[in-house]
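Right, one structure below, let's go through it.
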Amino acid sequence: MDERNRRAFFLGVVGTLIVFAVLLFVVGAERVIDSLLSADPMFVLATFALALGWLAAWSLMLRTVLGSLGVEIPVVTSFFVYAGAVFANNVTPFGQAGGEPIAALLISKVSDSEYETGLVSIASVDVLNVVPSISLILIGVGYYTTTTTTAIGDRLETAVGSAVLLIGGIVLGIAIVWRYRERIIDRLPSIIAPYASRLGFVRFNAKQFEADLTERMRRFFENVDRVATNRWRLTAIVGLSLAGWVLQAVALTAAFAALGSNAPFSVLLFVIPLANLAGAAPLPGGLGGIEAAFVTLLVPTTGIEAPVVTAAILIFRGAIYWMPVVIGGLSVSAFGVRTLR
């Protein structure tokens, strides 16, 4: 890790600690700890088991995407590879945006495929996860507003509006890039190559780098097209994504049950993808920001006290965030050792 990356990581950790400190100060750290100590171990274990189910579902997404690109890996291997990808996302700032290059390298090493194939596969998983999340947000919020006597709060309204704008912007950006992909392939390498050479990022001449970059970009877009045009696999991928979101909601339900609380399942279905948008913050995997977003959204929509909500979120995030970090970290180490050998 170079000096710039170390500085970014350090600032991210400091930011996370500050967010957690403010959150616990606002909701009451002592009451949160008391709630955690009173948690039912069986429901806590159920939360972690369901989180493993979520991880398995999305690892099968990755395996299906790779299959559409002509790369076959065993089911068990796909689980540990995806856990490694989640690990990369969770320890780098800006969530998926920061971890995808590392995850792509891991996938390409383990599957003996090209780097562009690994990048397309993990990017496809992340992008296709947006499709069910949009549906869950819109349907869930609509159901919530029609079945509750309480008017939709400003926080929820702002969160939904921000989510729609953000996701809409991402979709529009992807559509524009795809529409003009041939022009991008033809022109972008010639713009990047001279600057990369001057900054010392290129060890060989700019013309060779430009040709290599052009070929890599062409392979990247060809792989995207292969994934997008395989309708059967695409349907299976979206179905697995939806299963993963539902398993997360069930896991959060179990976390609340561990504390003797009953959070409406319909609320959890749309709050989870909404809160995860905070993962775009410059914090390692959105740690701290996502927890704060959960508390901000769940307290007014569930009517459960903030310390209990915070304790449930800490249990849930222990399963969704920290467990994949441990499994994925071990996987990256194991795959790394195997690759070196």
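Quick one: in the stretch 174-224, of everything that is farther than 17 Å from Val120 by Cα, assigned to a helix (DSSP H, G or I) and small (Gly, Ala, Ser), which residue is modelled with the highest pLDDT?
That would be Ser190.
Restrict the check to the stretch 61-77 and report whether at least one residue is within 16 Å of the chain's Cα centre (by Cα), closer than 18 Å to Leu240 by Cα and open to solvent by 20 Å² or more (accessible area, probe 1.4 Å).
No: the stretch 61-77 contains no residue that is within 16 Å of the chain's Cα centre (by Cα), closer than 18 Å to Leu240 by Cα and open to solvent by 20 Å² or more (accessible area, probe 1.4 Å).
List every residue pair whose Cβ atoms sit under 7 Å apart, with the two residues 6 or more apart in sequence or on different chains, where the first one lies in the stretch 312-329 and is open to solvent by less than 10 Å² (accessible area, probe 1.4 Å) and the second, anywhere, is part of a helix (DSSP H, G or I) and β-branched (Val, Ile, Thr).
Final answer for the pair search is Ile313/Val295; Phe316/Thr47; Ala319/Thr47; Pro324/Val86; Gly328/Val86.
Consider Asn262 against the criteria (1) at pLDDT below 90; (2) closer than 28 Å to Pro41 by Cα; (3) of a type outside the set (Asp, Glu); (4) not in a helix (DSSP H, G or I): it satisfies all of them except one. Which criterion is unmet?
(1)
Condition (residue is modelled with pLDDT of 80 or more and either open to solvent by 30 Å² or more (accessible area, probe 1.4 Å) or farther than 22 Å from Glu215 by Cβ (or both)) applied to the stretch 115-124: is it met by at least one residue?
Looking through the stretch 115-124, at least one residue is modelled with pLDDT of 80 or more and either open to solvent by 30 Å² or more (accessible area, probe 1.4 Å) or farther than 22 Å from Glu215 by Cβ (or both).
Taking the residues in the stretch 60-102 that are at pLDDT 85 or above, outside any helix (DSSP H, G or I) and not β-branched (Val, Ile, Thr) as candidates, determine which candidate is farthest from Leu287 (Cα to Cα).
The residue in question is Glu72.
Any residue in the stretch 267-279 that is surrounded by fewer than 19 Cβ atoms within 10 Å (Cβ to Cβ) and in contact (Cβ under 8 Å) with a residue 12 or more places away in the chain? It would help to see each step written out before you state the result.
Step one: filter the stretch 267-279 for residues surrounded by fewer than 19 Cβ atoms within 10 Å (Cβ to Cβ), giving none.
No, the stretch 267-279 contains no residue that is surrounded by fewer than 19 Cβ atoms within 10 Å (Cβ to Cβ) and in contact (Cβ under 8 Å) with a residue 12 or more places away in the chain.
So is Ala85 small (Gly, Ala, Ser) and buried (at least 22 other Cβ atoms within 10 Å of the Cβ) or not? Walk me through it before giving the result.
Values: small (Gly, Ala, Ser): yes; buried (at least 22 other Cβ atoms within 10 Å of the Cβ): yes.
In short, yes.
May I ask you to list the residues in the stretch 265-293 that are assigned to a helix (DSSP H, G or I) and closer than 12 Å to Val19 by Cβ?
Ala278, Pro284, Gly286, Gly289, Ile290, Glu291, Ala292, Ala293
The values are calculated or read from the model by the stated rules, or taken from the named source; none is laboratory data. Since the model is a prediction, treat every value here as computed from it, not as a measurement. Here Cβ is always computed from backbone atoms with ideal geometry, including for glycine, and neighbour counts include all displayed protein chains. Protein only, heavy atoms only, side chains kept; ligands, DNA and RNA dropped before computing areas. Shrake-Rupley method; radii C 1.70, N 1.55, O 1.52, S 1.80 Å.
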